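The structure appears right after this line, and notes come after that.
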Amino acid sequence: MKLYTCSNCHSLIYFENNVCLHCGYTLGFDAVSLSMLTLVLEKDNLFSDSVRKQEKFHFCKNAEFGTCNWIIPVAEHSAYCQACDLNRIIPDLTKNENLKRWKNIEIAKHRLVYSLLRLRLPVQKKIGEEETGIAFDFMADTSPKEKIMTGHDNGIITLNIEEADEAERVKHKLDLGERYRTLLGHFRHEIGHYYWEVFSKDPDFIEKYRSLFGDEQKDYAEALKIYYQNGAPADWSEHFISPYATSHSWEDWAETWAHYLHLMDTLETAFSFGIRIQPETVQNTKGIQASIQQDPYDMEDFKQIMKWWLPLTFALNSLSRGMGYGDFYPFVISEAVVNKLQFIHELCLKNAGNTRFPRW
């Protein structure tokens, strides 16, 4: 995530802020420029940029629920921003618990969409374009016997809203023996399945894909059944980013894709803060130095990205342990996984530009 400041008082602000807590100005995220604008209220409940006042904006309709701070140019004639326009089903908002969960869900989903726009990948709503595009269904269980399963099917990403409850999510994490489980992680994983379908239309994709991730034609249901019966092989970390990635080629892709988005967004944040890792008390600092001097979204050299990633995550793990928590980054990346991540990076570069949004 980029580092944002209020144009009026130059205070630091978070991506989710809709008001500057220092000067009180209204804030809104503009997905066209991928920037946070400091806004001035005009007539008819419209806003203008405090710096460039020509263009007028209105807030996404979901701003009324406190779940969105994205703004829309008036000329677009749309009630919803590009992120909220992807929603097909949302929870019953007459229940306060659902509204709380939906707010958490939208925070994660908006960060996902930001990353996709930074990569300049196609982000199209499925509603009205049933053969292609993305749609989100956020649903609650109707009974103990009828559980909503989080997953992806032909561009439709379904999320059981109980995942937005911290206690429930931690319970699932422990029950499944996972080291990492977040709402944002769910979204990044499931959207990976969607982009597999997008990329697989390229005839040059499959051969390279199979050499890295294996044969996707193996029976998926049977593969998952075997995985849940037997677990991951003992040497899984030598070839995969997570135990679940061993279950099937498609899950290996989705887990690696999610990890790629974790990596890119975190490094963009580190770049925005000018983070430099240079241990002073270590004699041999080779391999644990990092001066993050370039936005990863603008880089072709994935090996350099990895050279920054490993020292950064070692430092973050050390900081997390200092606060009494477990590792911020509980992963070890093997050379085989690096090759998979590099393949994804090259695919994203190749497919960048299939949208109207600029690369920063």
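Heavy-atom accessible surface of region 192-347, averaged per residue, reaches 53 Å², computed with a 1.4 Å probe. Here the simple spin-label model places points 7 Å from the Cα toward Cβ, and for Gln293 and Cys23 these points are separated by 3.3 nm.
Taking the Cα centre of the chain as origin, sum charge times position over the Cβ atoms of Lys and Arg (+1) and Asp and Glu (-1), and report the length of that vector in debye to the nearest 20.
Numbers: 39 positive and 50 negative charges, 191 e Å.
So the magnitude is around 920 debye.
Multiplying the sequence separation of Ala221 and Lys145 by 0.36 nm and subtracting their Cα-Cα distance, what value in nm do you get? Answer, rounded to one decimal: 25.3 nm. 3J(HN,Hα) along region 58-67, derived from phi through the Karplus expression 6.51 cos²θ - 1.76 cosθ + 1.60 where θ = phi - 60°, amounts to 10, 7, 4, 4, 6, 4, 5, 9, x, 10 Hz, with x in place of Gly and Pro.
Sorted by average packing, counted as other Cβ atoms within 10 angstrom per residue and highest first, what order do 85-91, 57-63 take?
Working: 85-91: 18.1, 57-63: 19.9.
Ranking, from highest mean packing down: 57-63, 85-91.
Roughly to the nearest percent, how much of the accessible area of the chain is carbon and sulfur, given a 1.4 Å probe? Percent of accessible area from carbon and sulfur atoms in the chain: 52. From the residues Ile288, Phe271, Trp253, which one has its Cα farthest along the dipole of region 224-341 in the positive direction, the dipole being from +1 and -1 charges on Cβ of Lys/Arg and Asp/Glu about the Cα centre? Most positive-ward Cα: Ile288. For the pair Ile127 and Thr94, a Förster radius of 30 Å applied to the C-beta separation gives a FRET efficiency near 0.85, rounded to the nearest 0.05.
Per residue, how many Å² of accessible area does region 1-141 show with a 1.4 Å probe?
Numbers: 6700 Å² over 141 residues.
The answer is 47 Å² per residue.
Would you mind working out the magnitude of the charge dipole of region 81-135 relative to its Cα centre, with +1 at each Lys and Arg C-beta and -1 at each Asp and Glu C-beta, to the nearest 20 Debye? Mind showing how you got there, number by number?
On the way: 11 positive and 7 negative charges, 68 e Å.
In debye, rounded to 20, region 81-135 gives about 320.
Counting only Cβ charges, +1 for Lys and Arg and -1 for Asp and Glu, the dipole size of region 1-79 around its Cα centre is about 120 debye.
Taking the mean number of other Cβ atoms within 10 Å as a proxy for protection, how do you rank 32-38, 289-295 from highest to lowest? Kindly include the intermediate steps, with their values, before the conclusion.
Working: 32-38: 18.1, 289-295: 15.9.
Ranked from most to least packed, the peptides come out as 32-38, 289-295.
Quick one, could you list the DSSP H helices from the chain stretching 20 Å or more along their long axis (Cα atoms) with average Kyte-Doolittle hydropathy of -1.0 or above?
Working: long enough: 96-118 (33 Å, -0.81); 183-199 (24 Å, -0.21); 249-272 (35 Å, -0.42); 302-322 (30 Å, 0.17); 335-351 (24 Å, 0.17).
Helix filter hits for the chain: 96-118, 183-199, 249-272, 302-322, 335-351.
The distance linking region 58-96 with region 276-349 is 35 Å (Cα centroid to Cα centroid, whole angstrom). Placing unit charges on each Cβ (+1 for Lys and Arg, -1 for Asp and Glu) gives the chain a dipole about its Cα centre, and among Cys348, Ile107, Ile333 the Cα reaching farthest toward its positive end belongs to Ile107. Count Lys and Arg as plus one, Asp and Glu as minus one, and take only other residues whose Cβ is under 12 Å from that of Ser200; the net charge is then -2. DSSP assigns beta bridges within the chain; of those with both partners inside it, close to 70 percent run antiparallel.
The values are calculated or read from the model by the stated rules, or taken from the named source; none is laboratory data. These numbers were taken from a predicted model, which means no experiment stands behind them. As a convention, Cβ positions derive from the backbone with ideal geometry for all residues, glycine included, and neighbour counts pool all protein chains shown. SASA here: full protein model, heavy atoms, side chains in, ligands and nucleic acids out. Shrake-Rupley method; radii C 1.70, N 1.55, O 1.52, S 1.80 Å.
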